[in-house]
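Bear in mind that the values in this text are calculations on the coordinates, not laboratory data. Please read these numbers as outputs of a predicted model, since none were measured by experiment. Note that each Cβ is placed from the backbone with ideal geometry, even for glycine, and that neighbours are counted across all protein chains shown.
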Amino acid sequence: MNASVAVKYSGYLEQQDEPFCTNCNSRSPGLMKLGRDITLWGLEIGLLTMKKGEVARFVFMPGYAYGRQGCLPLIPPNATVLFEVEVLDFLDTNESDAFFELTAEQQDTFPLQKVLNVANTERQFGNYLYYKQHFEGAKDRYTKAFSILRRSPSSEAEQHQIDASKLLVLLNLSLTYLKLERPAQALVYGEKALEIDQRNAKALFRCGQACLCMREYEKSRCFLVRAQHIQPFNHEINNELKKLARYYGDYMEKEREMCRQMFASLSCSD
């Protein structure tokens, strides 16, 4: 109940081959919340019986669809409709949605385990958007998750739990900002991840990528070499170092060419 679901659907009237509504033309349907974004009673009941990956057909009598009034001009009064539905994915966002309706003071008194669950849900929501290449939306979800993990722990054990959750979110934020072509922000979150775990190869790799994008070649090499020491056989890290060497070689060649031209012009002046 109250989950957010990604579904493909098409609705048909009796004796009609073309749907009166469909989202099957969309490359990646967004997540919709039951009871808020999906309000057709029959469809909501039907979805609650389904599993991820399942395809179903439902026939809704008027009382479970558009009622006596219909929805003119598309739906006539007392219409029986057929819906073809495929559940692509779902997230149980009920606890998360309830948490963000609380005041800041109420959120501060929320049990830590529930806060970690909410942060994990927001991160999963961000992951869903990331894999659909909706990077801006993913970034917002990760930022939301990170914002609620800034609470003060009451013990060392709680600090470890918060840090473990923070680390996953920070790595995702760093990667997403790289996809958004904002390397300075990617570096900020990568370095925050390193404050939690200075030997985290993914964080070092993200920082190296960000510095390479900003043409800070020496800094990039430092991060990538540290990552390589931790994971010497990681293909991504090794390929990034090769890319860095290529970019740095091109950069140095341009610098040398500029110097040659400068000295040539000075010689002509003399």
Loop only by DSSP, 10 or fewer other Cβ within 10 Å of the Cβ. Give me the GluC sites (Glu not before Pro) in the range 1-98 that pass, ordered by residue number. E14
Given M214, P153, G190, which one lies farthest toward the positive end of the charge dipole of the range 94-261, if we put +1 on the Cβ of every Lys and Arg and -1 on the Cβ of every Asp and Glu? M214
In degrees, nearest 10, range 0 to 90: what is the angle between the Cα axis of helix 135-147 and the longest Cα principal axis of the chain? 90 degrees
Based on the Cβ-Cβ distance from M214 to H134, what FRET efficiency comes out when R0 is 22 Å, to the nearest 0.05? 0.30
Quick one: if the Förster radius is 51 Å, what FRET efficiency do T143 and L72 give, using the C-beta to C-beta distance and rounding to 0.05? 0.75
Which entry in (i) -0.25, -0.85, -1.22, -1.34; (ii) -0.43, -0.95, -1.16, -1.22; (iii) -0.25, -0.88, -1.35, -1.52 matches log10 I(q)/I(0) by the Debye sum over Cα atoms at q = 0.07, 0.13, 0.16, 0.17 Å⁻¹ derived from the coordinates of this structure? (ii)
Along the dipole axis of the chain (charges at Cβ: +1 for Lys and Arg, -1 for Asp and Glu; origin at the Cα centre), the most positive-end residue among L241, Y142, S174 is L241
Mind checking which aspartates and glutamates have their C-alpha under 20 Å from K8, skipping anything on the same chain fewer than 8 residues away? D17, E18, D37, E44, E54, E84, E86, D89, D92
Given charges at beta-carbon only (K, R positive; D, E negative), |dipole| of the range 1-151 in Debye: 380 debye
Output wanted: per-residue J couplings in Hz (rounded whole) for the range 224-233, from phi through Karplus 6.51 cos²θ - 1.76 cosθ + 1.60, θ = phi - 60°, x for Gly and Pro. 5, 5, 4, 5, 5, 4, 7, 10, x, 9
Along Cα→Cβ, 7 Å out, is where each label goes; now give me the distance between the ones at C222 and D197 in nm to one decimal. 2.3 nm
Once R0 is set to 25 Å, what does the formula 1/(1 + (r/R0)^6) return for the Cβ-Cβ distance between F233 and E54, expressed as a FRET efficiency to the nearest 0.05? 0.05
In nm, spacing of pseudo-spin labels at E156 and E44 (7 Å Cα→C-beta vector): 5.0 nm
Coil-residue GluC sites (Glu not before Pro) of the range 141-237, DSSP, other Cβ within 10 Å capped at 15: E181
For K202, which aspartates and glutamates qualify as cross-link partners when the Cα separation must be under 16 Å and same-chain residues fewer than eight apart are set aside? D163, E191, E236, E240
In deg cm²/dmol, rounded to 500, what helix-only [θ] at 222 nm does the chain give when every DSSP H run of at least 4 residues adds -39500 (n - 2.57) and the total is split over its residues? -18500 deg cm²/dmol
